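The next block holds one structure in the form of structure tokens; read it before the comments.
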Amino acid sequence: MKNFFRKFSDSLDAYIETKQFRWFRRLIIALGFTVTGCVCFLAGFFLNRSDNMIYQSNINAMTRTIEADPAAAAAEQSAENAAPETTEETAVTTAVTTTQAPKETLSRELLDSYIYEDLKFQPYAYRYSNTAAFHNRTTIEDFGVPLTKKSFTISYEGIITAGFDAENITVENDDDNYIIRITFPEAYIISHEIDEDSFELENVQDNFFNPITDSDLTDTCEGQNYRMEQQAIAGGLYGSLYRMAENSITEYLNRDSIIGAKYRIEFIRPEEPYVII
């Protein structure tokens, strides 16, 4: 028995070493790969076919539903797209997320104190130079007395001061558009002074019977006051006054954190007066 198995084993080993066995082994391996590939192909085909059939079945079912009752189908579709039911918890969450920060506005009392109490408006001084001529003769019943004529030309400087009543300023604040509107009252001339130290006389004609006096000098200058005031106004006296006040107001109000960051200041001036020089 042992000899039989020994001979069978030797024969099997000899057969394994032959070319025929090696070819048969290769054939078995190739068949194995081929069968595996076919199985995978068939499995994928049937799975895809099953999905397509299910998808087509759903489409057909939806089509039949719409054809049968379009209103019911639309209601069903609206129900699916409707917002989820609002519960107490979601309502609270929505209220919290939509709440906005309170609008930061300007205190009217603070604005009034800025304008009417804290700000001190200074008048505007306008300095000018002028030259005027003087002629005079002593008369008796409209008859000029000989040897009494006197004349001169005087050059001098004057100062015209203009201002307005600060308590008549009108202040409006538009918190919706973040605008502060300030309306000025009418300006006027506060004073008009002549610098007597600046007097310079030229072309002096004096005589013993009718000498030149100090009143001749001052009266000549004062007679020019109205003309010089009209000239100063036409040259922008009031405009310079308002401009100086606007700069002071703007600089002071912008120190406030709310005004400086959010508000625009607008100024309204009275119409410039019409003057004839």
Flagged pairs (Cβ under 7 angstrom, 6 or more apart or on separate chains; first in segment 176-187, farther than 20 Å from Y114 by Cβ and open to solvent by 10 Å² or more (accessible area, probe 1.4 Å); second part of a strand (DSSP E or B) and at pLDDT 95 or above) are A187/A162; A187/G163
When segment 201-246 is examined, which residues are found to be closer than 20 Å to Y124 by Cβ and open to solvent by 50 Å² or more (accessible area, probe 1.4 Å)? Y226, R227, Q231, A234, G235, R243, M244
Just give me the residues in segment 126-135 being closer than 21 Å to G163 by Cβ and either surrounded by 16 or more Cβ atoms within 10 Å (Cβ to Cβ) or among the aromatic types (F, W, Y) (or both), in sequence order. Y126, Y128
Confirm whether S198 is among the hydroxyl-bearing types (S, T, Y), under 17 Å from T131 (Cβ atoms) and loosely packed, with under 15 Cβ neighbours inside 10 Å. yes
Pairs under 9 Å by beta carbon, first residue modelled with pLDDT under 90 in segment 106-133, partner among the charged types (D, E, K, R) and assigned to a loop (DSSP other than H, G, I, E, B), six or more apart or different chains? L106/D175; L106/D256; L110/D256
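The values are calculated or read from the model by the stated rules, or taken from the named source; none is laboratory data. A quick note: this is a predicted structure, and the numbers were derived from the prediction, not measured. Note that we place each Cβ from the backbone using ideal geometry, even for glycine, and neighbour counts take in every protein chain shown. SASA here: full protein model, heavy atoms, side chains in, ligands and nucleic acids out. Shrake-Rupley method; radii C 1.70, N 1.55, O 1.52, S 1.80 Å.
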